[in-house]
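Asker: Let me give you the structure first, and then I'll get to my questions.
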Amino acid sequence: MPTPLFFLQSLRCLALALTLAVGGAWASEAPLWFDAGRPRPQAWQAVELLAEAPGHGLIAEDYGVDALGLQVAEAALEPPPDDAAQERLAQALSAAMQRYLSDLHQGRLDPRHLNHQFKPPASDGFDPAARLRKGLEAGQLADLVREAVPRLSQYEALRQALARMRALVGHPAWLQELPPLPRPARQKPGRPGKLEPGQSWDGMALLAERLRLLGDLVADEPLPAVYEAVWVEAVQRFQERHGLEVDGVVGKDTWAALQVTPGQRAEQIALNLERLRWTPLTEAPRMIVVNIPEFVLRAYEIREGRIVIHQTMKIIVGKALDTRTPVFEEEMRSIEFSPYWNVPPSIARSETVPKLQRDPGYLAREAMEFVLPDGLVSTEVTPDVLAEVMAGRVRIRQRPGPKNALGAVKFSFPNRDHIYLHHTPAAQLFGKGRRDFSHGCVRVEHPVELALFVLHDMPQWTEPRVREAMAAGRLQAVRLATPVPVLITYGTALVKQGRLHFYPDIYGHDRELAEALRQRRTQPASPTAGTR
């Protein structure tokens, strides 16, 4: 026969279940949203805030805003809803707001599900349920949204750019396509046309309209009848903002970028807002950020709570076809001057061994050597040693010096893909517009400046000493006094100096993210939707 203690324990379990069912707060949500059977002002404010979700690149329908708005309006009419109806609506409002705050604070997806190796952020005390209850009690729900969004100036800049781009959706300038570009009379069939300075074209009026609306054509005076002067300057501004070769020629790439509609650009901005919600924030005084599609590295300092750019340089990243640079964050802990290059096993098997089989002299010409299982070094090319390389028991490395693929310095940080930053002897590649040429590691344009940046806390490393170590031809490893966070990220929309820039989706990550978000919308929402 059940004891009184059994019934007491059962009641406690039931109470706990009810508490968890309404979001981990109290068993009843109604008093937070209703007063004397009528919706409090906070209920109306919640609906207004949820309706503003598109301003953050989110989708208001994900939070059931239309249904909630209708229910709140009905609850304000006579007769008032009964207690059960109040509780249902209160729980729905709480669940929607908690999901919205969670999505704003950490994004809708776990980036690791998209092979973005960002560590789960350390708890910063942002509990959507607790914050919502506090905001309801204080009557300040709008403050919750400001507290939830990333503390990044870039986030707000992109939000404003999103609003401007959406204002152009449906504009007549994009309701018709640009006519075909001029084609030289003797050009071979099948080759695309192009608009060059000095030419005329029947699409110039439409081109001018689009460039004006996008802010690239600012001249008010009449435009020349042919493509020259202010026309060319406007196209060059457009090309610079879209990661294209800035030559003033409207070729197939510039043509394709001009055809992208404001609606499509708005979607691109929304995807990048989602990425910013994943971005790990650091309390470190210095950090390095690599943006793959932009082919740019920036070194930042934190001064009096503000992010200040210390260095900006071009980079070369992994090939889009087969050796993409991964997206992740880690801490740089050491640098190596005059480094060895340990040829990755995949490259050794697919590239180096076949070359040595055809031409054994390749090893000496490229200053390479074999490292045997016992640690001894050999430069003798034999079928047996090549077989050992293929089996992974012998590795190939390149000695320090002018031939070395890593150049004169390597910046190391532990990661599962063996990615690092390094100098390169092939400096001419930095002159290219699109720079995805590497096997995955990131080559930097200004290695001396970057070395001085990461060695900031080690004043004995002056510029002359750095250059001397780079030229020595002998390995010298230096452990940093203060590790420097490195974030390798993927931003295809960015505001720089107040101007909106777009970059090609070279790895297809925008497409993958958009598809993942579409799939998420087809799945039923759960009480923990939006959390990781």
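Asker: Once you place label points 7 Å from the Cα toward the Cβ at residue 51 and residue 432, how far apart are they in nm?
Answerer: 5.1 nm
Asker: Non-local amide H neighbours of residue 243 (under 5 Å, H modeled in plane, Pro and chain starts lacking H): which ones?
Answerer: Residues meeting the criterion, in which the H sits 1.01 Å from N, are 502.
Asker: Rank-order 378-386, 362-370 by packing density, defined as the average count of other C-beta atoms within 10 Å over each peptide's residues, highest first.
Answerer: Working: 378-386: 13.4, 362-370: 16.6.
Top of the packing list down: 362-370, 378-386.
Asker: Can you tell me how much longer the chain between residue 152 and residue 342 gets when fully stretched, taken as 0.36 nm per residue apart minus their C-alpha distance, in nm with one decimal?
Answerer: Working: separation 190, 0.36 × 190 = 68.40 nm, distance 3.82 nm.
My answer for the length gained is 64.6 nm.
Asker: From Cα pairs below 8 angstrom and at least 6 apart in sequence, can you work out the relative contact order of segment 92-232, rounded to a whole percent?
Answerer: On the way: 83 pairs, mean separation 23.4, N = 141.
Computed value for segment 92-232: 17 percent relative contact order.
Asker: If R0 is 41 Å, what FRET efficiency do you get for residue 519 and residue 388 from their C-beta distance, rounded to 0.05?
Answerer: Working: r = 46 Å, r/R0 = 1.12.
Calculated transfer efficiency: 0.35.
Asker: Is the chain best put as rounded, prolate or oblate by its Cα gyration tensor, with a ≥ b ≥ c the root eigenvalues, rounded for a/c under 1.5, and otherwise prolate when a/b is larger than b/c, oblate when not?
Answerer: Numbers: a/c = 2.36, a/b = 1.37, b/c = 1.72.
Oblate.
Asker: What dipole magnitude, in Debye to the nearest 20, does segment 208-352 give about its Cα centre under +1 on Lys/Arg Cβ and -1 on Asp/Glu Cβ?
Answerer: Numbers: 17 positive and 22 negative charges, 77 e Å.
Dipole of segment 208-352, to the nearest 20 debye: 360 debye.
Asker: Helix-derived [θ] at 222 nm for the chain: sum -39500 (n - 2.57) over DSSP H runs of at least 4, divide by residue count, nearest 500? Mind showing how you got there, number by number?
Answerer: Numbers: 18 runs with 199 residues, N = 532.
Roughly -11500 deg cm²/dmol at 222 nm, from the helical runs in the chain.
Asker: With contacts defined as alpha carbon pairs under 8 Å and 6 or more residues apart, what's the relative contact order of the chain in percent?
Answerer: Working: 798 pairs, mean separation 87.7, N = 532.
Computed value for the chain: 16 percent relative contact order.
Asker: Using packing as a proxy for protection, rank 313-320, 103-110, 33-40 so that the peptide with the highest average count of other Cβ atoms within 10 Å comes first. Please report the intermediate quantities before stating the final value.
Answerer: Working: 313-320: 19.9, 103-110: 21.5, 33-40: 17.0.
Output ranking for 313-320, 103-110, 33-40: 103-110, 313-320, 33-40.
Asker: Can you compute the label reach from residue 313? Point 7 Å from Cα along the Cβ direction, backbone N cut-off under 19 Å, restricted to segment 277-300.
Answerer: 286-300
Asker: Among the listed pairs 314/496; 194/314; 355/410; 314/432; 314/410, give every one whose C-alpha distance is greater than 21 Å. Please report the intermediate quantities before stating the final value.
Answerer: Numbers: 314/496 15 Å; 194/314 28 Å; 355/410 25 Å; 314/432 10 Å; 314/410 16 Å.
Beyond 21 Å: 194/314; 355/410.
Asker: First measure r as the distance between the Cβ atoms of residue 482 and residue 183, then evaluate 1/(1 + (r/R0)^6) with R0 = 51 Å and state the FRET efficiency to the nearest 0.05.
Answerer: Values: r = 59 Å, r/R0 = 1.15.
The formula returns an efficiency of 0.30 here.
Asker: Collect residues whose amide H, placed 1.01 Å from N in the peptide plane, falls under 5 Å from the amide H of residue 307; neighbours closer than 5 in sequence don't count.
Answerer: none
Asker: So for the pair residue 416, residue 357, with labels modelled 7 Å out along Cα→Cβ, what separation do we get in nm?
Answerer: 3.1 nm
Asker: Loop-only GluC sites (Glu not before Pro) in segment 156-258, please: DSSP not H, G, I, E or B, and at most 10 other Cβ atoms within 10 Å.
Answerer: On the way: sites: 156, 177, 209, 228, 233, 240, 245; in loops: 177, 228, 245.
Answer by residue number: 177.
Asker: Contour minus end-to-end for residue 220 and residue 74, with contour as 0.36 nm per residue of separation and end-to-end as the Cα-Cα distance?
Answerer: Numbers: separation 146, 0.36 × 146 = 52.56 nm, distance 5.30 nm.
Using 0.36 nm per residue and subtracting the Cα-Cα distance, I get 47.3 nm.
Asker: Using Cβ counts within 10 Å as a stand-in for footprinting exposure, how do 335, 419, 292 rank, fewest first? Walk me through the numbers on the way to the answer.
Answerer: Details: 335 28, 419 22, 292 25.
Arranged by neighbour count, lowest to highest, 335, 419, 292 become 419, 292, 335.
Asker: Taking amide H positions as placed 1.01 Å from N in the peptide plane, with prolines and chain starts having none, which residues 5 or more places from residue 34, or on another chain, fall under 5 Å of its amide H?
Answerer: HN-HN under 5 Å from residue 34: 40.
Any read-out appearing in this document is the output of simple, stated calculations on the displayed coordinates, not a laboratory observation. Quantities reported herein were computed from a predicted structural model and do not represent experimental measurements. A quick note on method: Cβ atoms are made from the backbone with ideal geometry, for glycine too, and the neighbour counts reach across all protein chains shown.
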